[in-house]
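The values are calculated or read from the model by the stated rules, or taken from the named source; none is laboratory data. Computed from a prediction, not measured in an experiment: that's the story for all the values here. Every residue, glycine as well, gets a Cβ built from its backbone with ideal geometry; the counts of neighbours run over all protein chains shown.
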Amino acid sequence: MLKIKNLNVSYGSIKAIRNIDIDINSGETVCLIGSNGAGKSSLLNAISMLISYQGTIIFKEKEIKQYNSSQLVKSGLVMVPEGRRIFSKLTVIENLEMGGFVLKDKSKRMAMIEKYLNMFPILSKRKNQLAGNLSGGEQQMLAMARALMSSPSLLLLDEPTMGLSPVMVLKLFEIIKKISEDGTTILLVEQNAKIAIKLCDRGYVMNNGEITLSGSSNELENNKLIKEAYLGV
């Protein structure tokens, strides 16, 4: 579904990403872990065409530079960015409607809103509230529900649990697992490596702009370096 070859991203003279190769197959949940500043968010921003890059990014057998931003969403690639970035002055329902802009049929759009209000019950209770008045965890759920409104085939999640309580972290991971089980392919960037590795089928480790290790969930979980650096063992 997604093939990245020899990807490089620079900010002036600083190279944020160096010669990265990544493959993600349809139906997989793949995690990307690494320290702060490793280049993880830059990678997701490049895939989403929010920043320029050198190299090749193929989504559904088509180089993403052939899409504009709207076409990329319509083709099935959607990101939930770090920091949520919801529309704080719009209500919950209005945020979901914005996420469903690709659905021209109003009845289908309303059906999708109902679907995700059911998936995120707390949003149903808050549906007429301004999004800016929600808690951090509720805002993250709204950001995810808004992204799902376009029925993505590939969902990019950038640090979805950052700043949330342990209880909310577990709730969000349960939701991510359900989204995966429903057939959505997921690329997850996450600081909580222990839970992320358990959740995912495969993973990549990124350091100083480079992929330094990759493997199955089991391989990463039992790797000595991963245990010492990320799992607190």
Scope region 35-77; condition surrounded by fewer than 22 Cβ atoms within 10 Å (Cβ to Cβ), of a type in the set (K, R) and within 16 Å of L156 (Cβ to Cβ); matching residues: K60, K74
Long-range neighbours under 8 Å by Cβ, at least six apart or interchain, first residue over 15 Å from F101 (Cα atoms) within region 57-81, second of a type in the set (S, T, Y) and assigned to a strand (DSSP E or B): E63/T56
Any hit, region 60-71, residues being assigned by TED's automatic domain parsing to the domain that holds L142 and of a type in the set (D, E): no
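Filter region 46-81 down to residues that are among the aromatic types (F, W, Y) and closer than 17 Å to I186 by Cα, then give me how many there are. Steps first, answer last, please.
Taking region 46-81 as the starting set, the residues that turn out to be among the aromatic types (F, W, Y) are 53, 59, 67.
Narrowing further to those that are closer than 17 Å to I186 by Cα: 59.
The qualifying residues number 1.
Any idea which of L172, L199 is over 13 Å from the mean Cα position of the chain (by Cα) and either hydrophobic (A, V, I, L, M, F, W, C) or not assigned by TED's automatic domain parsing to the domain that holds R18 (or both)?
Exactly one residue qualifies, and that residue is L199.
Among the helices (runs of 4 or more DSSP H) contained in region 1-107, which hold 3 or more residues that are under 30 Å from L117 (Cβ atoms) and in contact with a strand residue (DSSP E or B) (Cβ under 7 Å, 6 or more places away or on another chain)?
40-47
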Contacts under 8 angstrom Cβ, first residue in region 1-29 being more than 18 Å from S52 (Cβ to Cβ), partner exposed (fewer than 13 other Cβ atoms within 10 Å of the Cβ), 6 or more apart: M1/N25; M1/S26; D21/N6; G27/G183
Only one of L130, L123 that is aliphatic (A, V, I, L, M) and in contact (Cβ under 8 Å) with a residue 40 or more places away in the chain: L130
Residue in region 150-158 that is in a loop (DSSP other than H, G, I, E, B) and either of a type in the set (D, E) or at pLDDT 90 or above (or both) present: yes
Single residue of region 106-126 satisfying the filter (of a type in the set (K, R) and buried (at least 16 other Cβ atoms within 10 Å of the Cβ)) that is nearest to the chain's Cα centre (by Cα): R109
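Which of the following residues is assigned by TED's automatic domain parsing to the domain that holds I176, of a type in the set (A, V, I, L, M, F, W, C) and either surrounded by 14 or more Cβ atoms within 10 Å (Cβ to Cβ) or on the phi < 0 side of the Ramachandran plot (or both): L103, L32? Please lay out each step first, then the result.
Numbers: L103 fails: assigned by TED's automatic domain parsing to the domain that holds I176.
Residue meeting the stated conditions: L32.
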Qualifying positions in region 223-233 - surrounded by fewer than 16 Cβ atoms within 10 Å (Cβ to Cβ) and either free of Cβ contacts under 8 Å to residues at least 24 places away in the same chain or assigned by TED's automatic domain parsing to the domain that holds P160 (or both): K224, L225, K227, E228, V233
M162 modelled with pLDDT under 90, out of contact with any strand residue (DSSP E or B) (no Cβ under 7 Å at 6 or more places or on another chain), surrounded by 15 or more Cβ atoms within 10 Å (Cβ to Cβ) and over 30 Å from A46 (Cβ atoms): no
Top-ranked residue of region 3-50 - restricted to ones that are among the hydroxyl-bearing types (S, T, Y) and in contact with a Ser or Thr (Cβ under 9 Å, 6 or more places away or on another chain), ranked as nearest to K74 (Cα to Cα): S48
